[in-house]
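Readers should treat all values here as calculations from the given coordinates under stated rules, not as data from a laboratory. As the structure is a prediction and not an experimental result, all values here were calculated from the model. All Cβ positions, glycine included, derive from the backbone under ideal geometry; neighbour counts span all protein chains shown.
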Amino acid sequence: MEHEVSLDRVYSPSKDIVARDVMGELIIVPLASGIGNTEDEIYTLNETGRAIWDRLDGRTNLREIAKSLAREFDAPPGEIELDIQGLIGELFHRRMVIAV
C-alpha cells in the first residue's frame, strides 16, 4: 500500500487496532487479520513514537505535531518532521493509522 506521508495531512489511529500501555511501553495490536505484518503483528513504540502517537487526534496535521514536539524536546523541527514521516509511513503501511 503506497502512500506519501504529507506533513499537511491529518492522521488518526485506525479503528482496527487496540493500543495499550503495558508497563510504560505502548503496544499496538491489530484486531483484524491482515493488519500489520504477519511475522510481527504486535507493534511497540519507543518514547519518541509514543509522543507522536499521543498527538494523533484526527484534527491536528503532522506539521503542527512536529512544531509541538520540537518545542517540547528542544529539537530541530526538520529532524522531528523526518521522524514523524518515517513513523507515520510505517504505521500507515501496516494499516495502524489512517489519513483523515
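Give the label of the value calculated from the structure for Rg and Dmax of the Cα atoms in Å, choosing from [x] 13.9, 47; [y] 13.1, 40; [z] 12.2, 33.
[y]
Restricting to DSSP H runs of at least four residues, report the calculated mean residue ellipticity at 222 nm for the chain, -39500 (n - 2.57) per run over all residues, nearest 500 deg cm²/dmol.
Numbers: 3 runs with 36 residues, N = 100.
Rounded to the nearest 500, it is -11000 deg cm²/dmol.
State, to one decimal in nm, how far the label point of VAL18 lies from the label point of ASP57, with both points 7 Å from Cα in the Cβ direction.
If labels sit at VAL18 and ASP57, their model points lie 2.6 nm apart.
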